[in-house]
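Reviewing the structure listed below.
The values are calculated or read from the model by the stated rules, or taken from the named source; none is laboratory data. This is a predicted model, so every value here is computed, not measured. For neighbour counting, all protein chains shown are included, and Cβ atoms are generated from backbone atoms with ideal geometry for every residue, glycine included.
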């Protein structure tokens, strides 16, 4: 039965009143959106704060510093700085997210190279930092941090091998790893494993320079240079006087560099900057009565020889870009380095010693273990001598032969001959991308071996850390991180996207 008109109007009014009462306590849509936006802003701010700590390798407690908090309040008085516990919770959450992403990525990868670096936070605590490298489907070399593990004071080869094996197992890549590049781990040099162990190129160069510094005469000159630079750097009045004299002589006023580590490039930069400014510096030293700091003719000659001996190293490595680089570029680089040192050694005993140590550390560059990898790089295949080329082709044939579906000897000869006659690519090109596309199309099975071999990197740490004092700064910063957070912070420092 239909309701009466009056009843209908009464119900309508009642419904309207009810909806009106309901509207007085239900949030409006714009309030909901505002609340969501504020919540998202809080989450974004937390991530940005964590990213700042991770990118600069700062301890989580840095945000509790009173000066930092004053600075933030000055920028935004209403901003609430997340506590250390909140930041750590965020660290755990994002680490877990990135760990899962990397795990999925590695599951779809066949050939993996590891790099491992041994370092210490103090005399008692040593760590093993392990990263992985592989070639993606587009022919790009990808690099990711895996783990930083404490060795608990046991730096033995057995413990390092156990830790390395445990990291591979945890990431499910043990059967995919074919090469490990090591830095600062001479213990593993003669250890037999199913994967190939190779030394870090940059670490080897630094070891060669360290051997050179064991010469007392050279070390005395280097220490004298350190003391001179420290005299000017530690006294603002002395430095002001130096700048005045430089200005009157129309000289450059570049910042003096003081260095005390064992990396060859910062030493070279310190000596170059000293010699450029020494004309003005000696005037200040004379006026101040610091004659004991002055360089004699023998000192000057020795410094000149050191600079001339180290310049070939700088020229050889200047072509290396940032990040990680395929090891196939090392043999051509070593050839240029050795040739330049041979030219320099004629009138330079320092260059002669450096060349001698390079020969011991790197071996015979005309019959070298890296020849097969260099041969597979379309940029450098025609730069090998006959001994390296023949050795490379023999090794490649052995690797491609032996399987049930392997090409015949005649087919292997044909594909290698065709590859050799193919136009080389320019040095600035990407050999990995070339093999993903052009090489795969024209040379079949050879491309699989090439992508595997060219995925081996030349250094155990990124090149920007390997050849500059930035490496020392990075090492000092990571030593200050709480061991409980160390692995997660270093992992995110390397792997976390640049997006907030």
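Filtered by the rule that a residue be touching a residue at least 24 places away in the same chain (Cβ under 8 Å) and surrounded by 15 or more Cβ atoms within 10 Å (Cβ to Cβ), region 58-80 gives 58, 59, 60, 63. Could you tell me whether residue 428 is in a loop (DSSP other than H, G, I, E, B), in contact with a strand residue (DSSP E or B) (Cβ under 6 Å, 6 or more places away or on another chain) and either over 14 Å from residue 131 (Cβ atoms) or not assigned by TED's automatic domain parsing to the domain that holds residue 153 (or both)? When the stated conditions are applied, residue 428 does not pass them.
Can you tell me which residue in region 228-252 is nearest to residue 275 (Cα to Cα), limited to those that are part of a loop (DSSP other than H, G, I, E, B) and free of Cβ contacts under 8 Å to residues at least 24 places away in the same chain? Among those that are part of a loop (DSSP other than H, G, I, E, B) and free of Cβ contacts under 8 Å to residues at least 24 places away in the same chain, it is 250. Per the listing 151, 102, 75, the residue uniquely in contact with a helix residue (DSSP H, G or I) (Cβ under 7 Å, 6 or more places away or on another chain) and farther than 24 Å from residue 479 by Cβ is 102. A residue that is free of Cβ contacts under 8 Å to residues at least 40 places away in the same chain and touching a helix residue (DSSP H, G or I) at 6+ places or on another chain (Cβ under 7 Å) occurs somewhere in region 425-441.
Residue-by-condition table, conditions (1) in the same structural domain as residue 348 (by TED's automatic domain parsing); (2) surrounded by fewer than 20 Cβ atoms within 10 Å (Cβ to Cβ); (3) assigned to a helix (DSSP H, G or I):
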residue: 167; (1), (2), (3): no, no, yes
residue: 174; (1), (2), (3): no, yes, no
residue: 182; (1), (2), (3): no, no, no
residue: 187; (1), (2), (3): no, yes, yes
residue: 190; (1), (2), (3): no, yes, no
residue: 194; (1), (2), (3): no, yes, no
residue: 217; (1), (2), (3): yes, yes, yes
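Considering region 196-208, the residues that are in contact (Cβ under 8 Å) with a residue 60 or more places away in the chain and in a helix (DSSP H, G or I) include one that is farthest from residue 271 (Cα to Cα), namely 201. Going by the structure shown, is residue 486 buried (at least 18 other Cβ atoms within 10 Å of the Cβ) and touching a strand residue (DSSP E or B) at 6+ places or on another chain (Cβ under 7 Å)? It is true that residue 486 is buried (at least 18 other Cβ atoms within 10 Å of the Cβ) and touching a strand residue (DSSP E or B) at 6+ places or on another chain (Cβ under 7 Å).
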